[in-house]
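Visitor: After the structure tokens below, expect a handful of questions from me.
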Amino acid sequence: MMMMMMKLAAIALLILVAAGRGTTREIRAHSSLAFSHAGHVLPSMQEFCEGGNESIDGRLLESDSNVARSRSCIEEPLRLAVWNMQRFGRAKMNREEVVEVIVEVIHNYDLIVLQEVTDASGTAIPALIVRINEGLASSDQYAVVQSPRIGRTSYKEQYVFIYKKERMTYVRGYKFDDQTDIFQIEPFLAQFHTQETGQLQDFVVIPLHAKPSDAVKELDALVDVYDEMVLKFNITDAVLLGDFNAGCNYVVQGEYEQIRLYTDQRFHWLISDHADTTTKSTSCPYDRILVAGEKMQDATYYKTATTYYFDEDLGIESKWDLVKAVSDHYPVGVMIRGSIPEAVYGSYHQHSFARSARLFTEPDSGPSPRKLDIRVGVTVELPVQGCWGEVMALVHGLDRTGQPDHCSQLSNSDHQSPSVTVVSNVALVVWESSSVHDALSTLIQLAERHPHLVTTEAVSVLGYKAGHGVLTDHTLYLAKIDPQDVRLTFLCHTLDNLIHCTIALSAATDIN
């Protein structure tokens, strides 16, 4: 027993150390998958949300069940990004292997702003759009908005907005009137409208490609661009993004306090100062994303903001010449939460109530129904070596010797006793905890007192998963806040004279 307790204590220590580890540096192996593998609508769910497969002559039937399904489906998040394309023009469009990479990257996003588009002929972007839309269903087709060619010298660039036209529409745009000649490539502002992000229906995208030697001055003046837009459009919700050259030698640590865009609390910076947004050997966080406005900030999944290392994701990191030919920058992107249908919102808890996520603004009349939890977690099966009597001993708070089991009666940090349910051949015990630490402590004590039911191996697996974010990393399943209200659940039932048991750690999370 002493040896087993020491082993369990060592496991618990490793669990807590793993859970406490953190870093501000972007981890490339994780971030490279941030958008291409962050989740999409599964084919079965797409069929479900479109109303099933009931049809006549290929036409979908508008049955009550089909309508109910479509009205209960949560919208996918909008994926927004910006990408410095490094002198994009006809030369790149003439290289098939380069075009294939560019198209595959763009397909990850619902809206992407391309920068450093230098094509004077005006033919490269239309050709790119044709390639992007090849083979796509009509619901996935992209449209494009191009700024005029901008620049204070003969060298000109364009800002190009490529977006899925089924998910949003372009409303209007204009080039900032830079009367004092602060910007080398003045921002072109574009307003978009969408019905897929709840109350966040209108937002403005403000891109900037800053001149490296003037980065501090241009970033500071971007506040004036935003303020003018608010007066002109009467919209405060915006995404400011682009190759700001905001790092390394162009903007050093001591200069950030001189930049209003950095000190003004209206703007939330998303991309880490430790990110590497260049494909070169340098490691610099040049490309950035900021969000402004109450609804936009409320709708943004902050921790999804990341660099997309397409070379690693597409398996071409060893083809340096190809990567270099695509661009000297990686895209940076972020996700914006989709709408929650009223039927779903009325049924389940949204702990961090996000106004931008709801489809409807007026509360329902009459009493509100009890809302249910959405829980995430991990469950392990237990290799039960005992008998049903031992299960009952655990459930009713007795240890294997018939003495009171202080584990199942043990009060956690909230001083709550477990909930016990026994019906026929099913037994259920639930411990509510305020933290992962408390739940693991109860789990370890269970294993100490009932080793034939709760094994050391089960503790090890549950603890490892908990320590590596299955309960605490909301970016794993797209939620606004970290999970809360941790629960440890022990469930056993008998079938054909065999005992089947599981133990699970779970936590409540948001709808989206």
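Readers should treat all values here as calculations from the given coordinates under stated rules, not as data from a laboratory. This is a predicted model, so every value here is computed, not measured. Cβ sites come from the backbone with ideal geometry, for glycine too, and all protein chains shown count toward neighbours.
Visitor: I need the calculated FRET efficiency for the pair His107 and His396, taking r as the beta carbon distance and R₀ as 45 Å, to the nearest 0.05.
Guide: The formula returns an efficiency of 0.20 here.
Visitor: Which ³J(HN,Hα) values, rounded to whole Hz and listed in residue order, are derived for region 135-143 from phi using the Karplus coefficients 6.51, -1.76 and 1.60 in 6.51 cos²θ - 1.76 cosθ + 1.60 with θ = phi - 60°, glycine and proline given as x?
Guide: Working through the residues one at a time gives x, 7, 5, 4, 6, 10, 5, 9, 10 Hz.
Visitor: Further, regarding this structure: So if each residue of separation counts as 0.36 nm, and I subtract the Cα-Cα distance between Ala325 and Thr263, what length gain in nm does that give?
Guide: Computed gain between Ala325 and Thr263 is 18.6 nm.
Visitor: Let's see if you can work this out: charge +1 on each Lys and Arg Cβ, -1 on each Asp and Glu Cβ, no other charges. What is the dipole magnitude of region 205-300 about its Cα centre, in debye to the nearest 20?
Guide: Rounded to the nearest 20 debye, it is 160 debye.
Visitor: Still on this model: If the only charges are +1 at each Lys and Arg Cβ and -1 at each Asp and Glu Cβ, what is the size of the charge dipole of region 76-339 around the Cα centre, to the nearest 20 debye?
Guide: My answer is approximately 500 debye.
Visitor: How much net charge surrounds Lys319 when only the other residues with a Cβ under 11 Å from the Cβ of Lys319 are counted, with Lys and Arg +1 and Asp and Glu -1?
Guide: So the surrounding residues net to -3.
Visitor: Quote the relative contact order of region 76-339 in percent (integer), defining contacts as alpha-carbon pairs under 8 Å separated by 6+ residues.
Guide: 21
Visitor: Still on this model: Could I have the simple spin-label model distance between Asn249 and Val423, label points 7 Å from Cα toward Cβ, reported in nm to one decimal?
Guide: Output for this residue pair reads 7.1 nm.
Visitor: Here's another thing I want to ask about it. Answer rounded, prolate or oblate for region 76-339, using the Cα gyration tensor with square roots of eigenvalues a ≥ b ≥ c: rounded when a/c is under 1.5, else prolate when a/b is larger than b/c, else oblate.
Guide: rounded
Visitor: Same structure, new question: Could you list, in their original order, any pairs among Lys175/Lys303; Lys295/Lys480; Lys164/Lys232; Lys303/Lys480; Lys156/Lys232 whose Cα atoms are separated by more than 19 Å?
Guide: Lys175/Lys303; Lys164/Lys232; Lys156/Lys232
Visitor: Another one. Using only Cα atoms, locate the centre of region 164-223 and the centre of region 437-500, then give the distance between them in Å, rounded to an integer.
Guide: Each part's Cα centre sits 47 Å from the other's.
Visitor: Could you work out the local net charge near Lys175, counting Lys and Arg as +1, Asp and Glu as -1, over the other residues with Cβ closer than 14 Å to its Cβ?
Guide: -1
Visitor: While we're looking at this one, here's another question. At a Förster distance of 41 Å, what's the computed FRET efficiency of Lys217 paired with His468, Cβ-Cβ distance as r, to 0.05?
Guide: 0.40
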